[in-house]
Amino acid sequence: MGHADVVPVAELLDERRHLLEVTYWMLGNSRDAESVVGETYRRWYGLSDAERGRITAPRYWLAKTAGGICLGLLAHPRGAADQRDQREEHHTKNGDAEGAQASLAEEVSRVLLNALDSLSPAERAAFVLNDVFGMASDSVADIVGRPESECVELADRARHSLRRQRSRPTPPGDYDHLARAVRQACVDEDAERLESLLCPDATAFFDGGGKVRALSRPVHGSRQVAHSLLTLLARHPRTTLTTHSVNGRTGLIARYGHRVAAVISLDIADHHVAQVWVVLNPDKLRSWNQPATPGDPGSHQGPSQQGDGWL
């Protein structure tokens, strides 16, 4: 999936708000509206890449799907409760499998070092199962649920990332300088400059949590990552991008109006950005959108102390 599939953050929020408005208007209940929108996005991600690719108007498809779910609930008031019961039954039936996966995760966690936390779940699993437990690549593929060739690539990428992390640690000042440079390149929509700030094999991860129409797979390569970021942060009168402390290091905050729409953290190696983590999941951004508490220096709201500017 390439940068052409990235959706601007303004469109993502407008789309979700539109769905919530439609479903609330049809059902008259905000909780049911949220549930329907969640089910709508679950159905979207339940489609194959090819099926999604054939949908020329995703917003229309989502609205039509949400409307159909609402009509079903209106025709059968027990529908929402039945859907919750079905999901709980599904989780129960898969309890044994999940228990086995949890045991495996616990075993793996004893082997992983802090450095592995920066890998994606798939990369981490492919690397640990292959390199630590010595499993054959076809067995790894069965566990990870990816094609064997993709698992080999995931493990290779993990090894390369870990080698990079063993290089000299990046001073905080360098983090701040590079984050500011990335922000300015995005503000200027300078793809060439942004690409030069990234490692050639940089990777970007987009966490939409199934709640917004974000990329579900990582983007690899400096050019692809640069274009993905510039598309996501496309110029809009109500979109701003600031530098801000994220997980104790300088990162980026994208706002749509007064609402935090994306939190972007950067992993740096050898004075270049190696990995970009983009959080778009509304649930994970809820704390960033809490009203400011007077006198609370830890509040996420208000102007950034590390720079501000319009996209």
**Request:** Among residues belonging to region 214-257 that are basic (Lys, Arg) and touching a residue at least 24 places away in the same chain (Cβ under 8 Å), point out the one that is nearest to residue 289 (Cα to Cα).
**Result:** 238
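Scan region 17-30 residue by residue and report those that are part of a helix (DSSP H, G or I) and over 12 Å from residue 261 (Cβ atoms). Step through it out loud before you land on a result.
So in region 17-30, the residues part of a helix (DSSP H, G or I) come out as 17-27, 30.
Correct list: 18, 19, 20, 21, 22, 23, 24, 25, 26, 27, 30.
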**Complete:** Every listed condition ((1) in a loop (DSSP other than H, G, I, E, B); (2) out of contact with any Asp or Glu (no Cβ under 9 Å at 6 or more places or on another chain)) holds for residue 213 save (2)
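Picking from 30, 48, which residue would you name as being surrounded by fewer than 16 Cβ atoms within 10 Å (Cβ to Cβ) and touching a Phe, Trp or Tyr at 6+ places or on another chain (Cβ under 8 Å)?
On the way: 48 fails: touching a Phe, Trp or Tyr at 6+ places or on another chain (Cβ under 8 Å).
Exactly one of 30, 48 is surrounded by fewer than 16 Cβ atoms within 10 Å (Cβ to Cβ) and touching a Phe, Trp or Tyr at 6+ places or on another chain (Cβ under 8 Å), namely 30.
Would you point out the residue of region 1-16, among those that are assigned to a helix (DSSP H, G or I) and at pLDDT below 90, that is nearest to residue 67 (Cα to Cα)?
Of everything passing the filter in region 1-16, 5 is nearest to residue 67 (Cα to Cα).
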**Prompt:** Hey, residue 33 hits all of (1) assigned to a helix (DSSP H, G or I); (2) closer than 26 Å to residue 253 by Cβ but one; which does it fall short on?
**Reply:** (2)
**Fill in**
In region 32-83, residues that are modelled with pLDDT of 90 or more and among the polar types (S, T, N, Q) total 4
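Just to check your reading of the model, which residue among 246, 187, 219, 182 is surrounded by fewer than 18 Cβ atoms within 10 Å (Cβ to Cβ), touching a strand residue (DSSP E or B) at 6+ places or on another chain (Cβ under 9 Å), under 28 Å from residue 15 (Cβ atoms) and among the aliphatic types (A, V, I, L, M)? Walk me through it before giving the result.
Values: 246 fails: surrounded by fewer than 18 Cβ atoms within 10 Å (Cβ to Cβ); 219 fails: surrounded by fewer than 18 Cβ atoms within 10 Å (Cβ to Cβ); 182 fails: surrounded by fewer than 18 Cβ atoms within 10 Å (Cβ to Cβ).
Every option except 187 fails the conditions.
Within 17 Å of residue 175 (Cα to Cα) and modelled with pLDDT of 95 or more - does that describe any residue in region 255-277?
Yes; the residues of region 255-277 include at least one that is within 17 Å of residue 175 (Cα to Cα) and modelled with pLDDT of 95 or more.
Can you tell which of 277, 288 is assigned to a helix (DSSP H, G or I) and hydrophobic (A, V, I, L, M, F, W, C)?
Working: 277 fails: assigned to a helix (DSSP H, G or I).
After ruling out the rest, the residue left standing is 288.
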**Item:** Conditions (1) touching a Lys or Arg at 6+ places or on another chain (Cβ under 7 Å); (2) closer than 21 Å to residue 261 by Cα; number of the one not met by residue 65
**Value:** (2)
**Prompt:** Name the pairs whose Cβ atoms lie under 7 Å apart, with the first residue in region 30-45 and assigned by TED's automatic domain parsing to the domain that holds residue 69, the second hydroxyl-bearing (Ser, Thr, Tyr) and in a helix (DSSP H, G or I), and 6 or more positions between them or separate chains?
**Reply:** 30/24; 33/23; 33/24; 36/23; 37/23; 40/65; 43/65
**Complete:** By residue number, the members of region 180-210 that are more than 19 Å from the chain's Cα centre (by Cα) and assigned to a helix (DSSP H, G or I) are 180, 181, 184, 185, 187, 191, 192, 193, 194, 195, 196
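The values are calculated or read from the model by the stated rules, or taken from the named source; none is laboratory data. These figures come from a predicted structure and were not determined experimentally. Every residue, glycine among them, receives a Cβ derived from its backbone with ideal geometry; neighbour counts consider all protein chains shown.
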